[in-house]
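Please read the structure below before turning to the comments.
The values are calculated or read from the model by the stated rules, or taken from the named source; none is laboratory data. Given the structure is predicted, the values throughout are model-derived calculations rather than measurements. When we count neighbours, we look across all protein chains shown, and the Cβ atoms used for this are built from the backbone with ideal geometry, even at glycine.
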Amino acid sequence: MASPNFSILYSAKVDGAASAGAMADVLIPDSTSGLYVKSTAAARGTRRSTGIALSSYVADGTVQILQFGEVDAATAGLGTGSASWVRVSATGTLERASVSGSDDVCGYVETSGVFHACFGFLTADMVNGGGGGTVPTGTGFTHITAGAQDAAAKLVENADVHASAAIALSKIVNPTGTGVVKATAGVINAATSLIANADVSASAAIALSKLVNPTGTGLVKATGGAIDAATSLLVNADVSASAAIALSKIVNPTGTGLVKTSAGAIAAASALLLNADVDAAAAIAGTKISPNFGAQAVTTTGIVTGQSFVTSGRQTSSSTGTINNFSLTAGVAELYMTGAAPTMTGLTGGASGRSIRIIAAGGNIIFNSEDAGSTAANQFKLPLATMEIYQYTWVEFLYDATLSRWLPNIAWAAA
């Protein structure tokens, strides 16, 4: 290429260990040999970058480099684009760059791509201007702190204004809320709001029409002399003990059933009558009681009468051999024995008047009278020491609470 005007050109010796390179590479002197090699990301910068290669080059050869002056677009390799500063890239070539805070700026490029080199002279302060600082990142006024520019620009705040300054009201930041502008300790609050009770002096006189409308539905109530904005329906706690209110004004119960009172107050949630609601001295006709007691035991000191009684519930056991303290399930009326030839000495679950039918389905069953193998209260009391029923027959026992024994309904021959 023709030598540019106002430029410094000279031949540089390429280090023998360096890789071959291309036109527009930025060269620097090697720290060991002093010969030239391509700039690297770690070593780039105006303090070590010397010039731009004006042609391709090989190791141990020479190449003409330009340190200061104009370089055409083709040689610089920057192409057309925005006019901007130029720096040494991480790969040792030239690249467009925004204003930089580091010291790798090496010139300026026009929109046509023509590069104006200035290796070794430009510093961060020279590029940015001023006595240091960085590009402001915020929006608003640039601030200076202790002679240095703050990057984070912002809107003027109260602390930024001198006490003797006179600022027109039109220059004050507009409040962000909707309502009355309020001041705290002489400072206007930007976030305005509606007047609250605390904002009104005790001696102020405000027309009732100026008060905030209640937000609820119902009676307007006052607490501690102040009106509650959130109105509500009248509740029991709002009524004085001496007040007289017509029954028709009382809130209708919300449930279905009997209306109940608790501590003298009507419960709005009515419900069906429960056992706990009935006084111990209450007398209720038997026809008013539902006969379905479920699994609940029925206890009475009177006499239960009826046309017929049906017991239900069967328990099955396949036990064999001697059976002591056989555990009866609560509520069963029938014990179905499928085991072969068991001998039974007693049953649990005995209660006055309880009866149990025992069916010999698996073979003959032998019963021992007052056999010590079972607890005394679980034993049988038989006419003989040992009695037996045959397979496919049954016997019924009734528990006698006085004797604390199970008694058979009939007497049999000895086993």
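Quick one: is Ala376 touching an Asp or Glu at 6+ places or on another chain (Cβ under 9 Å) and modelled with pLDDT under 95? No: the conditions fail for Ala376. Residues in segment 34-52 that are modelled with pLDDT under 85 and either among the β-branched types (Val, Ile, Thr) or more than 59 Å from the chain's Cα centre (by Cα) (or both) were compared, and the one that is farthest from Thr91 (Cα to Cα) is Gly34. The set of residues from segment 326-383 being assigned to a loop (DSSP other than H, G, I, E, B) and in contact with a helix residue (DSSP H, G or I) (Cβ under 7 Å, 6 or more places away or on another chain) comprises Thr348, Gly350. Going residue by residue through segment 210-223, is there one that turns out to be part of a loop (DSSP other than H, G, I, E, B), modelled with pLDDT of 70 or more, surrounded by fewer than 10 Cβ atoms within 10 Å (Cβ to Cβ) and among the β-branched types (Val, Ile, Thr)? There is at least one residue in segment 210-223 that is part of a loop (DSSP other than H, G, I, E, B), modelled with pLDDT of 70 or more, surrounded by fewer than 10 Cβ atoms within 10 Å (Cβ to Cβ) and among the β-branched types (Val, Ile, Thr).
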